Amino acid sequence: MELIWILSILLFFSSAATAAPVTSSNSFHDNFVVSWAPNNVKFLGANGEALQLILDQSTGAGFASKESYLFGNIDMQIKLVPGDSAGTVTAYYLSSDGAQHDELDFEFLGNLSGQPYVLQTNVFSAGVGGREQRITLWFDPTQNFHTYSVNWSAKRVVFLVDGVPIRVFSNNEAAGVPFLRRQPMRVFSSIWNGDSWATRGGLVKIDWAHAPFVASYRNFHVANACRAATPAAAATCVRSASNHISASGGAAPTFDRRKLAWVKRTFMVYNYCTDSARYHPAPAECTREF
């Protein structure tokens, strides 16, 4: 029995191509491609160790990872637009392709100077979203870099800010809710004009006198993920991950529940699960968070 368990683990690591850190370089040139408006994307450092996205009156900008990943711990350090950023949206997210896509979102909604940034998270599974939660951040995200992370397994997704859990989305397939465990996702980020809705529901527009608006990035890191550069590799990732889950008992990411409760109690300003005007009854996944 022990030999079978060892062989299943070896099969996972050999056929998945990579598990444990899959990024060997901190260079944005190595890990990403410019997906939108190359003139508004600025690589910094001798080897592109950092990057800036720029929004001006003509256009925003974006980038996307060269690789797709299934499960893993995915981190990015970001410093957000300083000063009067009202109407701007800086998005950092994972997404698969197609109408039935999966997606995990961080969306940073700009603010008038002196007001806190709002961080909106959202989850799409099998093409269904509408799972927005919003918190205010407990620090000024424009003064220094902070780490925004997704810990993703077949049992649970945990969103974290500087290691503090801010949201958990668990596998509730038993209740009929599709979960994100079959579609590898790429990593994306963009900055764009969202002043139709982003700040006070669209009441506060972008003041272009403060342009250009700049978001800065560094230290992208991925660990314990399976790379899926092609459809065949994606199928191998799904199959190998299933073998690994069966062999290991399907361990889910751990997190500090007290810190999560602190974030919800102190900083949450919107939760779709409690929006009875929009959802009645509450969606099935809201009844079992963990």
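Report, to the nearest 10°, how far helix 257-267 tilts away from the longest principal axis of the Cα atoms in the chain, using its own Cα long axis and a range of 0 to 90°.
On a 0 to 90 degree scale, this one is about 20.
Just to confirm the number: angle between the C-alpha axis of helix 2-15 and the first principal axis of the chain, 0 to 90 degrees, nearest 10?
Relative to the chain, helix 2-15 is tipped by roughly 40 degrees.
Identify, among 47, 211, 263, the residue whose Cα sits farthest towards the positive end of the charge dipole of the stretch 2-287, taking +1 on the Cβ of Lys and Arg and -1 on the Cβ of Asp and Glu, with the dipole about the Cα centre.
263
List the aspartates and glutamates whose Cα lies under 20 Å from the Cα of residue 264, skipping any in the same chain that are fewer than 8 positions away.
Hits, sequence-local ones excluded: 105, 107, 132, 140, 162, 256, 275, 285, 289.
In what order do 173, 285 fall by count of nearby beta-carbon atoms within 10 Å, going from fewest to most? Write down the numbers at each step before the final one.
On the way: 173 13, 285 21.
Taking fewest neighbouring Cβ atoms as first place, the list is 173, 285.
Please compute the contact order of the chain in relative form: average sequence separation of alpha-carbon pairs under 8 Å and at least six residues apart, divided by the residue count, as a percent. Walk me through the numbers before you get to the answer.
Values: 681 pairs, mean separation 81.5, N = 290.
Result for the chain is 28 percent.
Quick check for me: using +1 on Lys/Arg Cβ and -1 on Asp/Glu Cβ, what's the dipole size of the stretch 2-287 about its Cα centre, in debye to the nearest 20? Can you show the working numbers first?
Working: 22 positive and 21 negative charges, 108 e Å.
Using Cβ point charges on Lys, Arg, Asp and Glu, the stretch 2-287 gives about 520 debye.
Classify the stretch 142-246 as rounded, prolate or oblate, taking a ≥ b ≥ c as the square roots of the eigenvalues of its Cα gyration tensor: rounded when a/c is under 1.5, otherwise prolate if a/b is larger than b/c and oblate if not. Present the calculation step by step, with values, prior to reporting the outcome.
Numbers: a/c = 2.24, a/b = 1.93, b/c = 1.16.
In terms of gyration-tensor shape, prolate.
Can you compute the helix-only [θ] at 222 nm over the chain? Use -39500 (n - 2.57) per DSSP H run of at least 4 residues, normalise by all residues, nearest 500 deg cm²/dmol.
On the way: 4 runs with 47 residues, N = 290.
Helix-only estimate at 222 nm: -5000 deg cm²/dmol.
Cut-off under 30 Å on the C-alpha distance; same-chain residues fewer than 8 positions from residue 66 excluded. Which lysines are left, in chain and number order?
Cross-link targets: 42, 79, 155.
With all pairs of different alpha carbon atoms counted, what Kirkwood hydrodynamic radius in Å does the chain show? Write down the numbers at each step before the final one.
Working: mean 1/r = 0.0503 Å⁻¹.
Across the chain, the inverse of the average 1/r is 19.9 Å.
Just so you know, all these numbers are worked out from the coordinates, no wet-lab data involved. Remember, it's a predicted structure, so these values are computed and weren't measured experimentally. Every residue, glycine as well, gets a Cβ built from its backbone with ideal geometry; the counts of neighbours run over all protein chains shown.
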